[in-house]
Structure formats: C-alpha cells, structure tokens
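The numbers here are math on the coordinates, done by the rules we state, and not lab data. Remember, predicted model here, so these are calculated numbers, not experimental data. Glycine also receives a Cβ, built like all others from the backbone with ideal geometry; neighbour counts cover every protein chain displayed.
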2 protein chains.
Amino acid sequence: MAENKKIPYKIYLEEREMPTQWYNVRADMKNKPAPLLNPATLEPMKPEELEHVFCKELVQQELDDTTPYFDIPQEIRDFYKMYRPSPLVRAYCLEKALDTPAKIYYKFEGNNTSGSHKLNSAIAQAYYAKKQGLKGVTTETGAGQWGTALSMACSYFDLDCRVYMVKCSYEQKPFRREVMRTYGAQVTPSPSETTAVGRKILEAHPGTTGSLGCAISEAVEDATTHEGYRYVLGSVLSQVLLHQTVIGLETKAALDKYGIKPDMIIGCAGGGSNLGGLISPFVGEKLRGEADYRIIAVEPASCPSLTRGKYAYDFCDTGMVCPLAKMYTLGSGFIPSPNHAGGLRYHGMSSIVSQLYDDKLLEAVSVEQTSVFEAAERFARVEGILPAPESSHAIKVAIDEALKCKETGEEKTIVFGLTGTGYFDMVAYGKYNDGEMLDYIPTDEDLAVGFAGLPKVDK
Amino acid sequence: MAENKKIPYKIYLEEREMPTQWYNVRADMKNKPAPLLNPATLEPMKPEELEHVFCKELVQQELDDTTPYFDIPQEIRDFYKMYRPSPLVRAYCLEKALDTPAKIYYKFEGNNTSGSHKLNSAIAQAYYAKKQGLKGVTTETGAGQWGTALSMACSYFDLDCRVYMVKCSYEQKPFRREVMRTYGAQVTPSPSETTAVGRKILEAHPGTTGSLGCAISEAVEDATTHEGYRYVLGSVLSQVLLHQTVIGLETKAALDKYGIKPDMIIGCAGGGSNLGGLISPFVGEKLRGEADYRIIAVEPASCPSLTRGKYAYDFCDTGMVCPLAKMYTLGSGFIPSPNHAGGLRYHGMSSIVSQLYDDKLLEAVSVEQTSVFEAAERFARVEGILPAPESSHAIKVAIDEALKCKETGEEKTIVFGLTGTGYFDMVAYGKYNDGEMLDYIPTDEDLAVGFAGLPKVDK
C-alpha cells in the first residue's frame with residue numbers, strides 16, 4: 001500500500017499482479033441465494049440434471065456456495081493476458097469538465113474485440129467445454145456482445161460455436177454477425193427451421209422477428225439433441241458472476257496499489273454478472289465487516305427489475321425450459337420497450353445480486369435512456385471513449401454523484417464499471433443526435449402482466 | 001537495459017517513460033526530402049504562403065528539416081495519457097499457431113475510439129489550431145478514421161470541426177458519420193452545395209458520389225474563405241509523420257526496456273505517416289550508423305506507389321489546389337480499384353518515406369487483398385484483435401517472414417505496426433467470408449494513365 005503516490009491516468013497491474021483465483025462471494029454470504037429449482041418437481045436441481053445442459057465443471061461452480069476461491073486455470077490466465085489486465089482509469093478530464101472535487105475512476109472492460117466484459121466468462125466456459133472433450137457449444141445472442149465474445153473464445157480453443165441470434169438483430173446488426181462469422185461461428189437467425197421449437201414457432205407466427213426467449217429455447221434444444229454439445233449462457237448464472245469477479249479483483253488490486261479507498265462503487269445491471277463481478281470483492285469486505293462502501297446498481301427505467309420487480313421464483317427464459325431461479329423479476333412474460341441498451345432488457349436479475357439487494361448490501365436506481373445518452377456523450381467528448389449504452393447507465397449515476405459532491409464540496413472517491421464500447425450502437429446514438437430518442441417507463445398495469453405469469457412456488 | 005527478463009504478453013511503458021519529444025528524422029537524413037513547390041511558380045513554398053491554409057506552428061514543423069527533436073506540449077501529453085502508451089504486444093499465440101521460432105511483436109494503436117493511430121496527429125493539429133486562437137478546422141475524410149480522430153480532438157479542445165466526407169462513404173458508412181456527430185463535428189457529404197467548387201462539380205456531374213480529391217478541394221475552400229479556420233490533413237505531410245513518431249519512440253523504449261533488438265520492422269504504407277512514425281527512430285539509428293534493421297513497407301497491389309510508382313513531383317490532390325510534392329506516385333489521376341483498405345488508396349507517398357526508399361533505407365512489397373484478409377482472419381482467431389484491413393497488410397508480411405524463419409530455423413525478432421481495428425469494416429470481412437472478394441492489379445496501361453498526368457517539373 002502506498003499512500004500519496006501520484007495517480008497516473010491509467011493504472012495497469014503488472015502481469016504478475018493479475019488475479020490467479022476467482023472469488024465466490026456466496027461463501028461469505030450469511031443468506032445464501034436460493035437454489036435453482038426443477039420446474040417440474042420444484043425440487044432443487046441436482047448436478048446430474050444440470051450436466052445434461054451445461055458443462056460438468058461449470059455445474060460445480062454453479063452450485064458451490066461455500067468454496068471462497070476457485071483457481072483460474074493456466075490456459076484461461078494465458079488468454080486473459082492477451083487483453084487483461086484492463087485499465088483502471090482516473091477520469092481527470094471528466095472531473096475537470098464537471099468542476100467537481102470528487103475523484104472518479106472507471107474500470108474499462110471494452111479494450112477487446114468483443115467490446116465488453118463478456119469475454120471474461122466466454123473464455124472460461126469455452127475452456128471447460130474443451131477440457132470435457134466436447135465438440136462445441138450453443139448459445140443465443142440478442143445485441144450480439146455475448147455471441148461475439150463466445151465466438152472469439154471458441155475460435156481460440158478450436159471448438160464449434162453455434163449462435164442463435166434473434167432475427168431482428170441478425171438483420172439489423174449485420175456487422176456483429178460478420179464479426180462472429182469471422183471468428184468461425186455458425187450464426188443462425190432465430191426462430192429457425194433448424195430446431196423443432198423454431199419450426200413450431202414459425203408455423204404459429206410466420207412473420208415473427210424472434211425473441212431472446214425463443215433463441216434460448218433453440219440453443220438449448222440444439223445442445224441437448226446433439227452428442228458432444230452443451231449450452232452456455234453469458235449472464236445471470238452464478239458461474240458467470242464468478243468468472244466476472246476478475247473485474248472486481250483487478251479493480252481492488254489497482255486501488256490498493258495506490259492506497260485508494262472508494263466511497264462508492266457503481267455498475268449497470270442487466271442480468272447482473274458484470275455488476276456482481278465488479279462489486280464482489282468489495283461486498284465480501286462488507287460481509288466480513290472489514291470495510292464499508294456504498295454500492296449502487298443502475299438499471300434502465302424501462303426494465304426496472306430491482307427497483308420495481310418482485311423477489312420471487314421465476315422462469316429464466318420465456319420458453320420456460322430452464323430451471324426456476326429466485327430473483328428480482330418483472331416476470332418472464334414482461335415485454336420491455338425497445339430500449340437501446342439491449343444488454344439491459346432481461347426480465348430478471350442474478351440470484352446472487354438479488355439476495356444482496358434484498359439484504360440491503362447494495363442500492364438500486366433506475367434512469368431514463370435520453371439522460372443516459374446525454375451522459376454518454378458528455379463522457380465521450382472529454383474522456384475519448386465512446387461508451388456502450390449499457391455502460392452509460394453507470395456513467396449517468398457517477399456524474400450525478402460527482403455533481404452532488406460539487407454542491408457539498410465533498411471529495412468523495414467514485415469507482416464505476418465501464419463495461420464496453422458503443423461502436424456497434426451507432427443507430428442509437430444517431431437517434432439521440434437527431435433528437436428522436438424516446439423514454440419509456442412501464443405503467444403499473446404493464447408490470448401486472450409480467451407478474452401475473454410468475455409460477456406459484458411456496459419457497 | 002535488462003537482458004533475459006521474462007517478456008510479458010503486453011509491454012506497457014509507465015507514464016513517466018512516455019516520450020516527451022517527437023523525433024524529426026529529416027535532421028539525420030543526408031539527402032533531405034525535396035521541398036514543397038508552389039504549383040504556379042514552381043518555387044519552394046514560403047511559410048507565409050502555407051500559413052494561409054495551415055496553422056502557423058504546423059507550417060514550421062512542416063518546413064524544418066534540421067531540428068532533431070520537437071517538445072510535445074504538455075496539453076498534448078495529457079491527452080496522450082488518456083489512450084497511450086499503446087501496448088507493444090508479444091504475439092505468443094500467433095507464434096504458437098505458426099509453429100515458428102521467430103519472435104513476433106506488434107505495436108497496437110487501435111485502443112481508442114477513433115480505432116487507429118490517426119488520433120496521435122489529430123490532437124496535435126487541434127492543439128496548435130486552438131493555440132493560434134482559431135475558431136475551427138476543416139478536413140476531408142474517406143473511410144472515416146481521420147475524420148473521427150479529428151472530431152474527438154476538436155471536441156476535447158472545444159474547436160469547431162467541419163468534415164467533408166466523400167458522399168459514397170457518407171451513405172455507406174453511416175456509423176462512422178454518427179461517431180463524428182456524437183463528438184460534435186459537422187459532417188457534410190461531398191460534393192456539397194456549401195462550396196463553390198462543390199456546386200461546380202455537382203452542376204457538371206449531378207449524380208456523382210464524390211472523391212477524396214473533391215472533398216479536399218471543398219475543405220480547403222471552406223478554410224480559406226472563412227475567418228478563423230484552417231485546413232488540416234491526416235497523412236502524407238511531414239508534420240503528420242513527426243507527430244506519429246510517438247509510435248516508434250514508444251516501441252523503441254519498450255524494446256529497450258527488455259533488451260530486445262528487432263531484426264526487422266514492418267508497417268503498412270498508405271500516405272506513409274504511420275509507417276514513417278513507426279520506423280523513424282530505427283531509421284535514425286541506421287542513418288547515424290548505430291544499428292541496422294530490415295525495414296519493410298507493405299502496400300496493396302492495387303495501389304502500388306512505392307513498388308511501381310515514379311519518384312517525381314506531383315499534385316497532392318486530384319483537385320490540384322495543394323502544393324506539389326516530390327514523392328513516389330502513381331499520378332494524381334490514377335484511379336485505384338475499390339480496394340477494401342480505404343486508408344491505403346492514396347496515389348502518392350510521404351516525401352520523407354519516398355526519399356528513404358529512394359536511398360534504399362527501406363524495402364517495399366505489395367500484397368493482394370484476399371491474402372491480406374486471410375492473414376487478418378488467421379491473426380484475429382488466435383490473437384483476439386480484429387484488425388483493420390490497412391493494418392492487416394503488415395500482418396500478412398509478418399506472417400510470411402515468420403514462416404520463412406520456420407523453414408530456416410532462424411529465431412528472428414519481427415516487429416510490426418498494428419495501426420487499427422476493423423470494427424467499421426465488416427462489409428469487407430463479409431465479402432471475404434462469403435468468398436466474394438476480388439483481387440485487382442493495375443496493368444501497365446492503367447498506370448500509364450496516371451503517369452501521363454504528372455506535372456512537368458525539372459527538379
């Protein structure tokens with residue numbers, strides 16, 4: 001620990017300072033997240049049931065809520081070295097532009113071709129699939145960040161990668177699709193003729209442009225009906241959150257190196273894996289009574305699972321083929337408006353983040369998208385980086401908090417997660433630039449539709 | 001100098017190790033580049049003539065061929081700290097995939113929102129414009145990398161930025177346009193009704209989709225007819241090459257830190273500024289007799305200014321409004337085929353690089369675009385980064401040289417410049433993925449058309 005060292009614009013860890021283990025925050029939680037349930041029996045899912053769908057070692061990681069650390073295999077650490085450590089950036093220029101006494105830092109996860117933090121878990125999941133001797137993996141993708149990350153990871157380990165991409169995204173985001181193809185992935189617009197569930201949906205709704213729920217169902221069917229394949233998922237699950245703790249561990253190591261103690265940590269929340277990964281080491285300190293921090297989850301007002309959802313068991317997918325998870329949810333039948341932060345449109349929230357929120361270890365706020373793009377543009381113009389709409393939710397609240405410091409004169413230290421870049425989101429920026437962006441807040445009646453579909457589980 | 005230290009995947013300099021001066025290789029050249037000529041008088045351009053078009057301090061940098069170092073102003077160094085130092089990456093994964101004893105390093109300039117090295121000079125040019133008290137600058141852009149970089153730089157210094165974007169790019173690359181608008185630039189499709197030259201061209205060719213030459217003419221007219229504006233350019237000029245030496249100086253500092261001596265240095269060559277910037281410090285050592293290196297410029301077979309051009313005075317622009325420069329050129333009337341490496345379609349070459357080539361201080365090779373995309377994809381799949389088509393010309397030759405080492409068993413050290421990312425070039429990747437990419441090599445008759453238009457200058 002070195003107090004008073006001059007803080008550079010970017011704090012990079014040395015290779016030897018990079019984390020060698022992921023941290024499992026569940027081990028330190030008194031109230032453990034509720035177990036996944038079998039939707040048919042309502043009993044906790046057994047490992048052997050999950051191994052039909054997921055890779056074996058990932059199932060172990062999913063179910064283990066007592067082991068505090070998992071070694072990161074050397075092969076994954078080698079891949080991490082190609083794009084990690086990611087920089088912890090001191091936002092000197094933003095501070096100056098806001099004229100705030102606050103000290104602002106952001107952990108930037110966008111410096112890789114997938115453009116986001118998704119690669120941290122993609123490479124881990126691909127590794128375990130390869131280790132198990134599988135031929136390949138299947139997944140779904142909406143906005144395309146996860147599909148891109150998984151394509152890169154599978155190409156590195158020479159695994160077959162089959163991505164079901166929501167048809168409207170497939171057509172509207174041809175560049176994302178091409179990146180995946182360049183990495184050798186097979187990208188199928190969903191719903192497709194490839195699967196039984198896809199054919200069924202196409203028959204019922206010939207003109208449909210698809211949905212994430214449908215794409216999940218196709219990916220799961222593809223994995224479970226082909227020898228040597230498993231299904232992988234980019235968020236929500238506890239295993240994904242575990243892999244993403246590399247973000248928080250690096251952040252904490254970089255802060256410690258310069259003797260910096262943050263007052264608050266801010267992250268955007270969709271499925272919850274980037275937020276959970278960023279905050280885990282800090283929440284661990286809170287849980288063990290070693291330190292205290294304000295922790296703020298930011299979600300879109302159009303899809304407010306933490307701030308307006310119910311803490312209940314729900315289906316993880318709209319196709320209802322996955323296990324039930326207890327989480328803050330708007331109901332799997334909730335249809336979010338066409339918000340431009342595609343990565344934050346999930347109806348539920350990671351069960352770990354949900355339990356932490358229920359235990360008041362973190363706060364949540366919701367923000368509207370025009371204010372988010374305003375913050376994004378403000379940030380881009382002084383800090384250079386063009387942020388993803390998802391990440392910009394955290395920027396918005398970080399700026400708000402820094403401006404509060406300006407009012408009060410407090411020199412608070414703010415850390416936020418900048419999860420990715422917005423290079424493939426220029427349609428959204430164009431709408432904002434043209435003054436054509438709309439905000440949308442669901443009414444209580446809108447929410448009631450989703451809540452009505454919640455399964456009846458007495459747990 | 002530390003021999004035998006373990007080489008990390010990425011060598012980052014500390015902030016305090018970053019260059020504080022740019023290096024002017026002309027000071028060490030025995031044969032100086034030929035001076036710019038006034039096209040009317042054929043006399044060397046005087047500073048006061050150039051200051052009508054360009055910023056004052058930039059004119060000094062343009063004409064000074066004796067001062068070896070220029071201080072980098074603190075304001076520019078502060079901006080550099082936001083995205084520099086760029087990493088020097090050891091391509092361990094590529095080496096393994098090629099099974100070569102060669103050691104491969106690349107200097108990666110793509111980790112900023114402009115996606116390329118262009119920002120290094122954009123911020124410098126914006127700084128000098130601001131310092132001179134100007135209201136704004138004008139420029140042209142084809143593929144859009146330069147326009148994006150300049151927009152970012154102008155937004156940082158609160159300067160007005162007017163970009164004339166070749167109309168077909170404006171229409172086909174709406175995302176690049178939106179990035180510029182997000183940074184506050186005014187982007188005008190060229191030819192436009194805004195300028196006299198634009199109106200004249202539109203009258204003569206109502207349906208034209210524009211050309212770089214026309215966009216230059218419009219940008220120059222806009223700057224010279226509006227009080228408080230100057231024209232800025234993203235390549236070719238000696239001032240731009242000077243700013244880009246930050247690439248080579250960082251590369252050399254990072255190599256020296258680990259006691260690494262490269263055998264060869266490879267870069268792609270369009271206008272020559274990134275190549276010149278990368279190689280300058282190494283060429284300086286050659287010129288001073290301190291060290292020897294193979295230096296290889298790589299250009300597209302479709303626009304082979306070094307390998308098939310003539311070393312002669314020529315117009316820098318097709319509109320013939322700019323000074324004459326002595327350079328390797330295909331003639332300003334040469335029309336390159338629609339190659340996908342938009343940044344490498346310039347008819348001429350930086351006069352510094354041209355003179356070094358004529359003095360045999362560097363070699364040049366040309367490569368065809370399908371082989372370039374093949375190398376790009378090979379690289380992306382093992383090293384993660386999706387490279388720009390321009391940068392991939394250097395990758396292609398680096399791989400070729402590494403494979404030669406495999407044949408001979410030589411452990412050569414290869415350094416190449418990875419100038420940018422290909423996120424906005426997915427149409428080209430799509431063509432390659434679909435097997436629809438064509439190669440094009442101009443015939444001698446094609447070249448004769450360009451050569452016929454060379455001005456008659458007896459110098």
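Here are some notes:
- Antiparallel bridges, percent of DSSP beta bridges restricted to chain B (to nearest 5): 35 percent
- With its label point put 7 Å out from Cα toward Cβ, residue A:287 sits 6.2 nm from the same residue's point in the other copies, in order from shortest.
- Restricting region B:1-56 to trypsin sites (Lys or Arg not before Pro) in coil, as DSSP defines it, with at most 14 other Cβ within 10 Å: B:5, B:6, B:30
- Cross-link pairs beyond the 32 Å C-alpha cut-off, checked among A:6/A:396; A:10/B:131; A:173/B:412: A:173/B:412
- Largest-first ellipsoid semi-axes for the protein assembly as shown, taking √(5λ) over the Cα gyration tensor eigenvalues, angstrom: 48, 28, 28
- If both residues of a DSSP beta bridge must be in the protein assembly as shown, then about 35% of such bridges are antiparallel.
- R0 of 35 Å, Cβ-Cβ distance residue A:226-residue A:404: FRET efficiency to nearest 0.05: 0.05
- Averaged over the residues of A:378-385, the number of partner chain Cβ atoms lying within 10 Å of the residue Cβ comes to 5.
- Here residue A:49 and residue A:196 are evaluated by their C-beta separation; at R0 = 25 Å the FRET efficiency comes out at 0.75.
- Selection of trypsin sites (Lys or Arg not before Pro), region B:266-300, meeting DSSP coil and at most 15 other Cβ within 10 Å: B:288
- Distant-in-sequence amide contacts of residue B:165, defined by a placed amide H-H separation under 5 Å and a gap of 5 or more residues or a different chain, comprise B:141, B:188, B:190.
- Principal axis dimensions, region B:78-146 - Cα atoms, whole angstrom, descending: 55, 28, 17
- Nearby lysines by direct alpha-carbon distance to residue A:200 (threshold 24 angstrom, same-chain neighbours under 8 apart not counted): A:167
- Per residue of peptide B:259-269, the mean number of Cβ atoms on other chains within 10 Å of the residue Cβ is 0.
- Among B:253, A:115, B:393 the positive-end extreme of the charge dipole of the protein assembly as shown (Cβ point charges): B:253
- Under 5 Å, built H, 5+ apart or other chain: amide partners of residue B:160: B:136, B:137
- Evaluated with a Cβ-only charge set (Lys, Arg +1; Asp, Glu -1), region B:161-269 carries a dipole of roughly 220 debye about its Cα centre, given to the nearest 20.
- FRET efficiency, residue B:17 to residue B:203 (Cβ-Cβ, R0 56 Å, nearest 0.05): 0.50
- Measuring between their Cα centroids, region A:182-252 and region B:385-443 lie 32 Å from each other.
- Shielding by partners - mean other protein chain Cβ count within 10 Å, residues of A:413-426: 2
- Restricting the trypsin sites (Lys or Arg not before Pro) of region A:113-198 to loop positions (DSSP other than H, G, I, E, B) with no more than 15 neighbouring Cβ atoms within 10 Å leaves A:135.
- Assuming charge only on the beta carbon of Lys and Arg (+1) and of Asp and Glu (-1), the dipole of the protein assembly as shown about its Cα centre is about 1040 debye to the nearest 20.
- Summary value for chain A: 20 percent relative contact order, contacts being C-alpha pairs under 8 angstrom separated by 6+ residues.
- Over 20 Å (Cα to Cα) - which of A:5/B:81; B:326/B:456; A:81/B:96; A:107/A:310; A:5/A:261 fall in this group: A:107/A:310
- Dipole orientation for the protein assembly as shown: of the candidates B:29, B:376, B:329, B:29 has the Cα lying most toward the positive pole (charges on Cβ; Lys, Arg +1; Asp, Glu -1).
- When region B:151-244 is described by a simple charge dipole with +1 on each Lys and Arg Cβ and -1 on each Asp and Glu Cβ, the residue from B:175, B:192, B:236 located farthest towards its positive end is B:175.
- Position residue B:46, label points 7 Å along Cα→Cβ, spacing to each other copy in nm (shortest first, one decimal): 9.5
- Only Lys, Arg, Asp and Glu carry charge here, each on its Cβ (+1 for the first two, -1 for the last two); on that basis chain A has a dipole of about 720 debye about its Cα centre.
- Gyration tensor verdict on chain B (Cα atoms; rounded if a/c is under 1.5, prolate if a/b is larger than b/c, oblate otherwise): rounded
- Integer Hz, Karplus 6.51/-1.76/1.60 couplings in order for region A:372-381, x for Gly and Pro: 5, 5, 4, 5, 4, 5, 4, 5, 4, 5
- Listed by chain and number, the aspartates and glutamates whose C-alpha is less than 14 Å from the C-alpha of residue B:46, apart from same-chain residues fewer than 8 away, are B:57, B:62, B:64.
- Over chain A, dividing the summed -39,500 (n - 2.57) contributions of all DSSP H runs of at least 4 residues by the number of residues returns a 222 nm mean residue ellipticity of -12500 deg cm²/dmol.
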